[in-house]
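The values are calculated or read from the model by the stated rules, or taken from the named source; none is laboratory data. Remember, it's a predicted structure, so these values are computed and weren't measured experimentally. Note: ideal-geometry Cβ built from the backbone for every residue, glycine included; neighbour counts use all protein chains shown. Heads up: the accessible areas ignore ligands, DNA and RNA and are worked out on the full protein's heavy atoms, side chains in. Shrake-Rupley method; radii C 1.70, N 1.55, O 1.52, S 1.80 Å.
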Amino acid sequence: MTFSAFKNLHQRLQAEHLARHGQPLAERHEDGCELRLFAVGSFYAEVWRSRGEEAILFIHVFEKPSGLSDYLPLISIRDYQGGVEG
């Protein structure tokens, strides 16, 4: 699905698409919310929920890697088990 097509979906349909086709990448907390980051093809989607709540407040969709900056501190390269042999 393209970025534009996803953005034009109703939030409920966006959430369903993420559940089926999104690749979960990371989770973090901000301003009393739980955020979950997904990769979806060539773009990213961030699902915002109030802490402890199931209902989605909104889904933030972006294409630029700069949107990942808040998640970079959560990633440890030492935890990476696959990859290049040396």
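Side notes on the structure shown:
- Selection count, segment 39-75, where residues are assigned to a strand (DSSP E or B) and of a type outside the set (Phe, Trp, Tyr): 12
- Top-ranked residue in segment 1-23 [being outside any helix (DSSP H, G or I) and within 14 Å of the chain's Cα centre (by Cα); ranked as modelled with the highest pLDDT]: Gly22
- Candidates are the residues of segment 39-51 that are open to solvent by less than 20 Å² (accessible area, probe 1.4 Å) and hydrophobic (A, V, I, L, M, F, W, C); the one that is farthest from Phe3 (Cα to Cα) is Val47.
- Restricting segment 25-34 to residues that are acidic (Asp, Glu) and over 12 Å from the mean Cα position of the chain (by Cα), the residue that is most open to solvent (accessible area, probe 1.4 Å): Asp31
- Only residues that are among the aliphatic types (A, V, I, L, M) and farther than 18 Å from Arg36 by Cβ were counted in segment 1-23, giving 2.
- Every listed requirement among (1) open to solvent by 70 Å² or more (accessible area, probe 1.4 Å); (2) modelled with pLDDT under 95 is met by Tyr71 save one, (1).
- Among the residues of segment 52-64, those that are under 14 Å from Phe3 (Cβ atoms) and either open to solvent by 90 Å² or more (accessible area, probe 1.4 Å) or modelled with pLDDT under 95 (or both) comprise Glu63, Lys64.
- Filtered residues of segment 35-75 (kept if over 11 Å from the mean Cα position of the chain (by Cα) and among the basic types (Lys, Arg)): Arg49, Arg51, Lys64
- Lone unmet requirement of (1) free of Cβ contacts under 8 Å to residues at least 40 places away in the same chain; (2) out of contact with any helix residue (DSSP H, G or I) (no Cβ under 9 Å at 6 or more places or on another chain) for His17: (2)
- Residues of segment 1-24 that are surrounded by fewer than 15 Cβ atoms within 10 Å (Cβ to Cβ) and under 13 Å from Phe58 (Cβ atoms): Lys7, His10, Gln11, Arg12.
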